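Written below as structure tokens is the structure these notes are about.
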Amino acid sequence: MSKIKSFSVGEGDMFYIDHGSDNFSIIDCSLPNDDYEKSDNILEEIEQIDSVNGITRFISTHPDQDHIRGLKELDDKISILNFYCVKNEATKEDETTDFKHYCSLRDDEKKAFYLYKGCMRKWMNEKCNERGTSGISILWPILDNKYFKEALQETNDGESPNNISPIIKYSVENGATVMWMGDLESDFMENIVDEIELPKVNILFAPHHGRDSGKIPEKWLQQMDPDIIVIGEAPSGNLNYYNGYNTITQNSAKDITFICNSGDVDVYVENSDYTVNFLEDYNLDNISDSYYLGTLKL
């Protein structure tokens, strides 16, 4: 069993995967700057899980403030030793404390590991006698792709880093496949849609917080055939609701937790009034501060 949590942090992204092994992965950081109690609770929850795992990795999709807000505070709490990102030399006209901290981790020869399609790393996707893998693999970027190189140059020149975001796949043995795509934008994805083929996906976190500007190309949607698309916390007027697909909208559901078992996924949400009609109801008990929403049969 593994646990995936998507925190409700306002306009930003923050996730973790408690792999149910000796691996713990955090994807992006966006501590709410207007809710100190929520921020403290997130840090305490992550610190507790970190304390009982042998390997903790932080994966940064890209260095926009809504994906690195509170990064220094998180590092102070758990001491990030494994920092994963796409190699870049991003610059910002206005450098926040968290961006400066991102750069220090990104450029640290001992802590940084750079992501690209097919990269291998203990114990991300290489196992040994000591420890198994996390089940994470990287499907993008292809470093010599011309569109990626253009996006990387724009990032290094101080423009938006959205399109250097990696595509991250997490697979549970005999269980769910989950996908993150950072803040990839629609036009960029259309340019690279024929460069990679994506697998069947059970849970897909919509890129760019579910914004219409990050709408996934239809070809990729057909390849992935997602059972659930999670739409993030952008303003409702900017969202694409992916008509024809089963969705959970974080603006309404708040924190979302997926318990990934062999053959199914139990789904929990923070908002007790939130409902959907596409999950099986096994009348499971609620967990901590989350309410049972239903179960996805795989």
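Derivation of every value follows stated rules applied to the coordinates shown; laboratory data play no part. All of these numbers come straight from a predicted model, not from anything done at the bench. Cβ placement follows ideal geometry from the backbone for every residue including glycine, while neighbour counts extend to all protein chains displayed.
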GNM of the chain, Cα pairs under 10 angstrom: of L31, L74, L284, the biggest fluctuation goes to L284
For the modelled label position 7 Å from the Cα of N243 along Cα-to-Cβ, which residues of the stretch 189-211 have backbone nitrogen atoms closer than 20 Å?
-> 206-207, 210-211
S213 paired with N286, simple spin-label distance in nm, labels 7 Å along Cα-to-beta-carbon | 3.7
Percent antiparallel among DSSP beta bridges with both residues in the chain, to the nearest 5?
-> 60
Gain in span if fully extended, S252 to D94, counting 0.36 nm per residue against the direct Cα distance | 53.6 nm
Helix-only [θ] at 222 nm, the chain, -39500 (n - 2.57) per DSSP H run of 4+, per residue, nearest 500, equals -6000 deg cm²/dmol
For the K146, L81 Cβ pair and Förster radius 45 Å, calculated FRET efficiency rounded to 0.05 is 0.85
Among V267, V178, V52: highest mean-square fluctuation, GNM of the chain, C-alpha pairs under 10 Å | V52
Of the listed pairs K77/K200; K5/K149; K146/K219; K111/K169; K100/K149; K200/K297, which have alpha-carbon separations greater than 26 Å here?
-> K77/K200; K5/K149
